[in-house]
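First comes the structure, then the notes that go with it.
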Amino acid sequence: MIPSIFTLANLLFGFLALIWVLEGNFTLAAAMILLSVLMDSLDGKVARRLSVSSDFGKELDSLSDLVSFGVAPAILTYQAILQPHHLSYVRYIGLGIAIIFALCGAVRLARFNMLNITSYFVGVPITFAGGFMALLMFLRNMMPWYIYPASMVILAFLMVSTFKVPKLSK
């Protein structure tokens, strides 16, 4: 149960990120996504330390990750960068890219749950992709707008790729 508390905190921060996006506070939304990254790393460490693992925890983690690192960063990037763009076609293309990012994140999580590989990741983890997009949000006044949709497309592809990505910690 203790690791699930961290997993639920991950989901809570992802939910709060979505609320802050609706409120127009994009910096705070990005900070909530980064807090989700922290909670996601802690739930695994706590589970390993306590030697507890369950199918329930695995599924709860994936559902939380989809909200916090798939949906929240996609909506944040769309709302903060792409939707306000003065060219209407950029808004529609941006919406499509945001959708693709979230869908690729879901596919990546589903595939990860089916594989039982512990020494490396297959494809870039959604936690990295969502966290990276949140970090970019802190630079939104210094970087050109097109970096954001390009990053989302690249990360979406990398999430569903079959590239072997080494795990940094166990």
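The values are calculated or read from the model by the stated rules, or taken from the named source; none is laboratory data. Just so you know, these numbers come straight off a predicted model, no measurement behind them. Every residue, glycine among them, receives a Cβ derived from its backbone with ideal geometry; neighbour counts consider all protein chains shown. The area values use the complete protein model at the heavy-atom level, side chains included, leaving out ligands, DNA and RNA. Shrake-Rupley method; radii C 1.70, N 1.55, O 1.52, S 1.80 Å.
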Check: When GLY70 is evaluated against the numbered criteria (1) among the small types (Gly, Ala, Ser); (2) surrounded by fewer than 22 Cβ atoms within 10 Å (Cβ to Cβ); (3) under 25 Å from SER161 (Cα atoms), which criterion, by number, is the only one it fails?
Finding: (2)
Next item on the list: Among the residues of the range 79-103, count how many are assigned to a helix (DSSP H, G or I), open to solvent by 40 Å² or more (accessible area, probe 1.4 Å), over 28 Å from ILE5 (Cα atoms) and not polar (S, T, N, Q).
Entry: 7
Next item on the list: Report, by residue number, each residue of the range 161-170 that is open to solvent by 50 Å² or more (accessible area, probe 1.4 Å) and either of a type in the set (Val, Ile, Thr) or part of a helix (DSSP H, G or I) (or both).
Entry: THR162
Check: So which residues in the range 103-132 are of a type in the set (A, V, I, L, M) and more than 17 Å from ALA150 (Cβ to Cβ)?
Finding: LEU103, ALA106, VAL107, LEU109, ALA110, MET114, LEU115, ILE117, VAL122, ILE126
Notebook entry, point to check: Can you name the residue in the range 117-131 that is in contact (Cβ under 8 Å) with a residue 60 or more places away in the chain and either of a type in the set (Val, Ile, Thr) or touching a His at 6+ places or on another chain (Cβ under 7 Å) (or both) and is also nearest to LEU11 (Cα to Cα) among such residues?
Noted result: THR127
Item checked: From the options ALA134, ALA150, ALA156, ALA106, residue that is modelled with pLDDT of 95 or more, under 20 Å from LEU16 (Cβ atoms) and assigned to a helix (DSSP H, G or I) -> ALA134
